[in-house]
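Pasting a structure here, questions to come.
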Amino acid sequence: MPIQRCSLHVSLLVCILAVAAPCFAQTAQPSPPNSDPTYLQIRNVGLAAESFSVKDLDLKRDAATFHLHSGTVCFVSPVQGVVTGAVFAGDGDMLLNPVQASERASLKMLTKGDDFREHFERLVLRFTDSTYDDIKKSATPASTGCDAGLLKDSQHVTKKVIHFNLSARILQDIFQGEPSGLFVAFVHGKNYDDKLLFQIDPHGAFGSETEGVELRSYGENKVGAWASFPISKVYRQKLGPGAARNSSIHIEHQQLDTTIEKNAHLSGKATTSFLSHDSGLRVISFNLHPTLRVQGVTDQNGQSLPFIQEDKDDDPDFYVILPKALSIGDKCQITTTYAGKDAVTNEGNGNYYPIAREDWYPSNPRGDQSQYDLTFHIAKGMKMAATGSLVSERVEDGKNITVWKSDAVQDMAGFQFGRMKEEDAKLTSPEMLIATYANEEPPDWTQRLKDDPRFGNLSTISGMKQPLSEAQASIAVYTDFFGPLAIKRLNISQQTACNYGQSWPGLIWLPVCSFYDGTVRHWLGLDFSDNIYWKVVTPHEVAHQWWGNTVHFFSYRDNWMSEGFSDFSASLVLQNAYGPKGQKEFINFWNSERKYIVEKNIQGFRPIDVGPVTMGYRLNNSRTGSIARDLIYPKGAFILHMIRMMMWDRQSGDQQFKILMKDFLTTYAGKSASTEDFKTTVEKHMTNQMKGFGNGSMNWFFDEYVYGTALPSYRLDAASFDTDANGDVVLGIKLIQSGVDDKFQMPVPIYLELADGRVIFLGRAGMIGNTTFEQKIPLKGLKDKPRHALINYYDDVLCSLN
Ligand SMILES: [Zn+2]
């Protein structure tokens, strides 16, 4: 697609002339970073001389109200005629009342009470909304001044504590020329925390990017995002097509030319083609790793553009300033050159570790799906494995140069490289090349183990076959259950980190320790949850090629599907690829998943209780500890497992479930799916029994397990086997459901272990509320008495076992 100039305000004629003289107003000389005069005024803004008294003034901001009972207000000096801040000293309260029950529950964790009402005597506000006018109109001149230290303290916090360049964010709005809805309050609370930060930002709040309202604490003892929710409609209407994501731009294409030296120093040139989602857009924000220092930014005519990137230890957010504003839909192309160390580290013996995993090039801070063309220059003798398909590989001037192209839109681009050995396998059904890479020598951190005889061989070359065969098995199972992938090449590479993997489009990093044998891992103290982790790490990462890399997920609230579906997928590999041994491991797997969810952590919380999966990593805070991972992965997996088990049928097995998953994959391939999108797809494929159970909707299930924190208990109180007049067995069963509210409902599966040891599915008992299901069930045609009746044999329902 041809790139047009950044500004389409100008007429076509002017643009044609612009071949010699570009549409952009030009800066004659490249300006040093952070030198835009308006930016510097905002950055160094101080209090104006005037002060005002306020009495009983209410500032309503979305779900928050600030009552300024009495006190003194001083405003900051105007910049380009706009006043962007105020300090208050006196007597005030802040009330916060989100409409979302889960957000009110989260606030309760902080306050240990029912309402959020924080008292304060000091408050700093920064804004581009109507706050100045709102205060000024009811204020009267005061005789006493304000403490300038309050404003300075807030500037120190954004720079040195939360590392967020608020000045650049304010500059965006000032250059946009119309009042935006930005409102930031530094609340020095008396009751809960004196380091509260409340934000409303139509471009996304600091920590919860796809949502505009957030209350967080930056105090060490209360750290957490205690409330976060979408901004009210009034603000949203001002935004263009990126409103859902709070994104100002859409990046269509990235051309990345990257050189990594032997000492791991990275230098890059990124040509980024994007279109504007906002009208009046001049200041554009990008994600870039703080140690990658921008050397210059140019437009498509090679003209230098001003940019902002403060020191790596301060608030190093990267912003580019265009000379003219863009309108909605205007296209633009900029080229950024950058370089630095510590984005990749040299781990010794030809092992490298990319630290800047997701920000090694300028990308959209709100996430995006883009096409990529990548070129890498690394030392001769090393190998590169990157996202996309390998277009070419050559050696030139002592460098190995590879070119990669995305097969479909990608959330991001990634790579792994080093002195690696490559081993390939060609799959025919589906057609795909799997390339595995292992480092020829172990990284430095294993040196301490070298002389210890317990560890034996630490070479990963001999361990390459294992992940290769696990990946092959996984691809076969997933293709059957979910449908084929669009990519034709999958790179699987070792990485030096021991305890986690990561999946990129067409590229998987496996922890180096997954290449070691069980004995080595045992001596390293890595027997996680009966070693199940090591059995599923490759299938989990391969599954992300479907969940996360083909179907993208919309926000942190939907990320449970990416991790949960991938964990679930790994269970399918255990069950389908390894015969009877795998069946046993399948049952162990779900047992282990349940334990993660219902066992208390050191802080005394069970993951299931702290909040719904849709709160994502926000569930980690100073009160509940680091708990999110133990909820999102296994409970996300359970949610899909429960749907599968509900859909399973004696005649057709998983057929209906496979249709559902294939539909979900094809509908959302290359797009971002939300939790509600998935619910709609499930509702489209409900079995008749499910339709009857939920009156044609899956609301009941999603309210209980996805948006809720329900955990029922089941007890099989009695099960007896008699014989009727025909000699057929009659099952007498008494099943109790407890620990739930009156509305909780569940079809509870009943199984029989037959006389010959086989376990068969009998049916489902529909139960509502705290209730008992008691029935005599004739088992027509069954003459031999079963050994047992069982419920939940395959962990079909996530519950606590009695
Ligand atoms: Zn994962």
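Readers should treat all values here as calculations from the given coordinates under stated rules, not as data from a laboratory. Bear in mind the structure is a predicted one, so any value in this text is a computation, not a measurement. Cβ: placed from backbone, ideal geometry, glycine included. Neighbour counts: every protein chain shown.
Determine by what factor the alpha-carbon radius of gyration of the stretch 201-353 differs from 2.2 N^0.38 Å, reporting the quotient.
Dividing the Cα Rg of the stretch 201-353 by 2.2 N^0.38 Å gives 1.21.
Is the shape of the chain best called rounded, prolate or oblate, per the rule: a/c under 1.5 gives rounded, else a/b larger than b/c gives prolate, else oblate, with a ≥ b ≥ c the square roots of the Cα gyration tensor eigenvalues?
oblate
Kindly write out, for the stretch 404-409 in residue order, the coupling ³J(HN,Hα) from the Karplus curve 6.51 cos²θ - 1.76 cosθ + 1.60 (θ = phi - 60°), rounded to whole Hz, with x marking Gly and Pro.
Once rounded to whole Hz, the list reads 10, 10, 5, 7, 8, 4.
Give me a comma-separated list of calculated 3J(HN,Hα) values for the stretch 355-364, in order, Karplus coefficients 6.51, -1.76, 1.60 applied at θ = phi - 60°, integers in Hz, x for any Gly or Pro.
3J(HN,Hα) across the stretch 355-364, in whole Hz: 6, 7, 6, 10, 9, 7, 8, x, 10, 6.
With an 8 Å cut-off on Cα pairs and a minimum separation of 6 or more residues, tell me the relative contact order of the chain in percent.
After rounding, I find 8 percent.
OK, next. Longer than 27 Å from Cα to Cα, which of LYS136/LYS160; LYS195/LYS324; LYS635/LYS743; LYS108/LYS684; LYS262/LYS331 are they? Say none if no pair is. The partial results should precede the final answer.
Values: LYS136/LYS160 31 Å; LYS195/LYS324 38 Å; LYS635/LYS743 21 Å; LYS108/LYS684 37 Å; LYS262/LYS331 37 Å.
Too far apart for the 27 Å limit: LYS136/LYS160; LYS195/LYS324; LYS108/LYS684; LYS262/LYS331.
Let me ask something additional. How compact and how long is the stretch 696-802, expressed as Rg and Dmax of its alpha-carbon atoms in Å?
15.1, 49
How would you classify the stretch 567-662 from its alpha-carbon gyration tensor, with a ≥ b ≥ c the square roots of the eigenvalues: rounded for a/c under 1.5, else prolate if a/b is greater than b/c, otherwise oblate?
Prolate is the answer for the stretch 567-662, as a/c is 1.5 or above and a/b outweighs b/c.
Scattering from the C-alpha atoms of the stretch 291-372 alone, worked out with Debye: what is log10 I(q)/I(0) at q = 0.18, 0.19, 0.20, 0.24 1/Å?
The computed values of log10 I(q)/I(0) come out as -0.93, -1.02, -1.09, -1.35.
Given R₀ = 25 Å, what would the calculated FRET efficiency be for ARG758 paired with LYS662, taking r from the Cβ atoms and rounding to 0.05?
Details: r = 30 Å, r/R0 = 1.20.
Plugging the Cβ-Cβ distance into 1/(1 + (r/R0)^6) gives 0.25.
In addition: Given R₀ = 41 Å, FRET efficiency for THR723-THR428 by Cβ-Cβ distance, to 0.05?
E(calc), rounded to 0.05, equals 0.15.
Non-local amide H neighbours of ASN601 (under 5 Å, H modeled in plane, Pro and chain starts lacking H): which ones?
So ASN601 has HN proximity to ARG606.
Follow-up question, since we're still on this one. Give the residue from PRO443, VAL344, TYR39 lying farthest towards the positive end of the charge dipole for the chain; charges sit on Cβ (+1 for Lys and Arg, -1 for Asp and Glu) and the dipole is referred to the Cα centre.
PRO443
Output wanted: per-residue J couplings in Hz (rounded whole) for the stretch 745-753, from phi through Karplus 6.51 cos²θ - 1.76 cosθ + 1.60, θ = phi - 60°, x for Gly and Pro.
Going residue by residue, I get 9, 7, x, 9, x, 10, 10, 10, 9 Hz, with x marking Gly and Pro.
About its Cα centre, what dipole magnitude does the chain give when the only charges are +1 on Lys and Arg Cβ and -1 on Asp and Glu Cβ, stated in debye to the nearest 20?
Values: 80 positive and 92 negative charges, 117 e Å.
About 560 debye.
Where Lys and Arg each count +1 and Asp and Glu each count -1, what net charge lies around ASP153 among other residues with Cβ under 13 Å from its Cβ?
Taking every Cβ under 13 Å from that of ASP153, the sum is +4.
Given 0.36 nm per residue, what is the gain on full extension from GLN80 to LYS743 after removing their alpha carbon distance, in nm? Intermediate values should be presented prior to the final figure.
Details: separation 663, 0.36 × 663 = 238.68 nm, distance 5.78 nm.
The span from GLN80 to LYS743 would gain 232.9 nm if fully extended.
Between the DSSP loop rule and a limit of at most 10 other Cβ atoms within 10 Å, which trypsin sites (Lys or Arg not before Pro) in the stretch 703-802 are left?
Sparse-neighbourhood loop trypsin sites (Lys or Arg not before Pro): ARG758, LYS780.
Using every Cα-Cα pair within the stretch 116-240, state what percent have a distance larger than 17 Å. Could the numbers behind the result be given before it?
Numbers: 4759 of 7750 pairs.
In whole percent, the long-distance tail amounts to 61.
If you don't mind, there's one more thing I want to ask. Over all alpha-carbon pairs of the stretch 429-563, lay out the pair-distance distribution in 10 Å bins, whole %, shortest bin first.
Result, from short to long distances: 12, 41, 31, 14, 3 percent.
Thinking of the stretch 341-461 as a set of Cα atoms, what percent of all their pairs are more than 24 Å apart?
In whole percent, the share of Cα-Cα pairs in the stretch 341-461 beyond 24 Å is 39.
Would you please give the FRET efficiency between SER462 and THR687, computed as 1/(1 + (r/R0)^6) with r the Cβ-Cβ distance and R0 = 45 Å, to the nearest 0.05?
Efficiency for this residue pair is about 0.40.
If you find the alpha carbon centre of the stretch 577-609 and of the stretch 640-671, how far apart are they in angstrom?
22 Å
Helix-derived [θ] at 222 nm for the chain: sum -39500 (n - 2.57) over DSSP H runs of at least 4, divide by residue count, nearest 500?
One gets -7000 deg cm²/dmol as the mean residue ellipticity at 222 nm.
So, in nm, how far is label TYR617 from label TRP700 when the simple model puts each one 7 Å beyond its Cα toward the Cβ?
3.6 nm
If you don't mind, another one. So what is the diffusion coefficient of the stretch 503-632 in µm² per second by Stokes-Einstein at 4 °C and 1.567 mPa s, using a Kirkwood Rh over Cα pairs?
82 µm²/s
Work from the charge dipole of the chain (Cβ charges, +1 for Lys and Arg, -1 for Asp and Glu, about the Cα centre) and give the residue of VAL76, PHE198, ILE508 farthest towards its positive end.
Positive-end residue among those listed: ILE508.
What are the extents of the Cα atoms of the stretch 614-740 along their three principal axes, in Å, largest first?
60, 40, 23
Multiply the residue separation of ASP91 and ASP784 by 0.36 nm, subtract the distance between their alpha-carbon atoms, and state the gained length in nm to one decimal.
On the way: separation 693, 0.36 × 693 = 249.48 nm, distance 7.97 nm.
Additional length available on full extension: 241.5 nm.
For a test of the definition: using alpha carbon positions, the gyration tensor, and the 1.5 limit on a/c, classify the stretch 81-129 as rounded, prolate or oblate.
Cα axes put the stretch 81-129 in the oblate bin.
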